[in-house]
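Contents: one structure, followed by commentary.
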Amino acid sequence: MRQNAATAYAIYSAGDGFLFRMIFTVYSVFVVLSLGFTPLQLVLLGTILEGTYLLCEVPTGVVADTVSRRLSVVIGLVGSGLAFLILGFAHSFLVAALAQVMWGAFASFQSGADVAWLTDELGEEAARPHYMRGSQIGNVAALAGIVVGIALATIDYRLPIILASLGIVMFGLAMLFVMPEEGFDRKPRTAGEHIHTGMVTTFKEGVRQIRAHHVLLLILGTAALHGASTEGFDRLADFHLLKDIGLPAIGNLDRIVWFGLIDGVALILGIVALATFKRRSHLNGHAHVARILRVIDLVLVAAVVGFGLAGAFWLALLTMWVVAAMRDVREPIFDAWVNQGLDPSTRATINSMGAQSDAIGQAAGGPALGVIGNASVPAALVVSGVLRLPALLLYARAIKRGTVGTAEPTQEILELEE
């Protein structure tokens, strides 16, 4: 049953994309219409999630570096499934908040460990194309997840959440037997050394690498700004469509169908954008990757601000699709940027620090955006977009530092920037 790493990662990407999209397609409609949460409560749920994630991310990354990448991924999937099962039966903010705490804790086991596992099994150079291939496979599987999720939601908004959460638990257990782990080199412990001592050593080594690396600190800074910007959009975009703009009627179909159509088109755009980028460029060199991310983030600033200011449904829809497509492209590129030149012994720890930086941004920006959103959701969305602007300065710095002493393949850079 054990597969080679490339096949196992494709299975992992497909299952993850299908099951989680079943939930996320209906999540916003469920918490807004079924549970009746306010903008502040929606953002507070995100803050609770990211605060938990923030506390757990690095310790669980250290677990992946000292015990097992595969086990860390499995724990993350099974625990996340149980968290969403609780959410599916929630009737109050308190229970929904508990589900977010559980999800934040268990998702931190999965974050960073999956990318570190793939890089260990295939090698840094060979793994790079699979970051994007995995995203593409996940997006295609997510399209199926949207169809199934919407079909179930027309019966009851809770149904896709409950069934998908059970599927995630079973899928996580199955990955224990599907994923190989031959490239992971567990650090030998000296006689008498406790496992927690080895974890502390791994964490300290990860911090030392970040402080010594001329670009990693800048990468973490851009992750924090990305998190602050995405928190407001992720929590309030669907609320803005439902309450401020309104959805056109589609015969007697449930409003959830609109969210399925929006999600489906967004995924197709993401698949096309990823395929286009994959043909036109590469992910070698810190300066080159920073240039690409700078362009993506500039587009995201304009699209999020445009969405917040949009009064017409079709303009709001267009800007939502631009945001979704750009973020689909951004994620694997950012993963490749973080993983360039890392020491394998601390790879999951540093990946976790990248995710933790994102969580710091979300937790720090969330409450303020929630307060603004209670007064004006469009204003909160505009602020969310503007929060990304300082990242452009960090990219400029990373480009300058990453270019020193390197020979960048300038022809492909020029092709992309054209």
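The values are calculated or read from the model by the stated rules, or taken from the named source; none is laboratory data. All figures in this text were calculated on a predicted structure; none of them were measured in a lab. Note that we place each Cβ from the backbone using ideal geometry, even for glycine, and neighbour counts take in every protein chain shown. Just so you know, the surface numbers come from the protein's heavy atoms only, side chains and all, with ligands and any DNA or RNA stripped out. Shrake-Rupley method; radii C 1.70, N 1.55, O 1.52, S 1.80 Å.
Please name all residue pairs, on different chains or six or more residues apart, with Cβ atoms under 6 Å, provided the first residue is in segment 297-322 and is of a type in the set (Ser, Thr, Tyr) and the second residue is part of a helix (DSSP H, G or I). Taking only residues 6 or more apart or on different chains, the pairs are Thr319/Ala303; Thr319/Gly306; Thr319/Phe307.
Filtering segment 236-285 down to residues that are of a type in the set (Phe, Trp, Tyr) and under 30 Å from Arg133 (Cβ atoms), which residue is modelled with the lowest pLDDT?
Quick first cut of segment 236-285, residues of a type in the set (Phe, Trp, Tyr) only: 239, 258-259, 277.
After this cut, where a residue has to be under 30 Å from Arg133 (Cβ atoms) as well, the list is 259, 277.
Details: Phe259: 83, Phe277: 75.
Among those residues, the one meeting the criterion is Phe277.
Among the conditions (1) within 21 Å of Asp358 (Cα to Cα); (2) touching a Lys or Arg at 6+ places or on another chain (Cβ under 9 Å); (3) at pLDDT 90 or above, the only one that Ala64 does not satisfy is (3). Can you confirm whether segment 142-162 contains a residue that is touching a helix residue (DSSP H, G or I) at 6+ places or on another chain (Cβ under 7 Å) and among the charged types (D, E, K, R)? Scanning segment 142-162 turns up at least one residue that is touching a helix residue (DSSP H, G or I) at 6+ places or on another chain (Cβ under 7 Å) and among the charged types (D, E, K, R). Reported count of residues in segment 358-396, each being crowded, with 23+ Cβ neighbours inside 10 Å and of a type in the set (S, T, N, Q), is 2.
Evaluate the following for Ala99: is it assigned to a helix (DSSP H, G or I), free of Cβ contacts under 8 Å to residues at least 24 places away in the same chain and within 30 Å of Met179 (Cβ to Cβ)?
Working: assigned to a helix (DSSP H, G or I): yes; free of Cβ contacts under 8 Å to residues at least 24 places away in the same chain: yes; within 30 Å of Met179 (Cβ to Cβ): yes.
For Ala99, the condition - assigned to a helix (DSSP H, G or I), free of Cβ contacts under 8 Å to residues at least 24 places away in the same chain and within 30 Å of Met179 (Cβ to Cβ) - is met.
Could you say whether any residue in segment 15-29 is part of a helix (DSSP H, G or I), in contact (Cβ under 8 Å) with a residue 40 or more places away in the chain, closer than 14 Å to Ala90 by Cβ and among the aliphatic types (A, V, I, L, M)? Checked segment 15-29: at least one residue is part of a helix (DSSP H, G or I), in contact (Cβ under 8 Å) with a residue 40 or more places away in the chain, closer than 14 Å to Ala90 by Cβ and among the aliphatic types (A, V, I, L, M).
Residue-wise test of (1) open to solvent by less than 20 Å² (accessible area, probe 1.4 Å); (2) more than 22 Å from Ile11 (Cα to Cα); (3) free of Cβ contacts under 8 Å to residues at least 40 places away in the same chain; (4) among the hydroxyl-bearing types (Ser, Thr, Tyr).
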residue: Ser80; (1), (2), (3), (4): yes, no, no, yes
residue: Leu94; (1), (2), (3), (4): no, yes, yes, no
residue: Ala105; (1), (2), (3), (4): no, yes, no, no
residue: Ser111; (1), (2), (3), (4): no, no, no, yes
residue: Ala116; (1), (2), (3), (4): yes, no, no, no
residue: Asp156; (1), (2), (3), (4): no, yes, yes, no
residue: Val169; (1), (2), (3), (4): no, no, no, no
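In segment 134-151, the qualifying residues are those that are within 16 Å of Leu261 (Cβ to Cβ) and among the hydrophobic types (A, V, I, L, M, F, W, C), and the one that is most open to solvent (accessible area, probe 1.4 Å) is Val147.
If we scan segment 54-66, do we find a residue that is free of Cβ contacts under 8 Å to residues at least 24 places away in the same chain, more than 30 Å from Val383 (Cα to Cα), in a helix (DSSP H, G or I) and over 21 Å from the mean Cα position of the chain (by Cα)? No.
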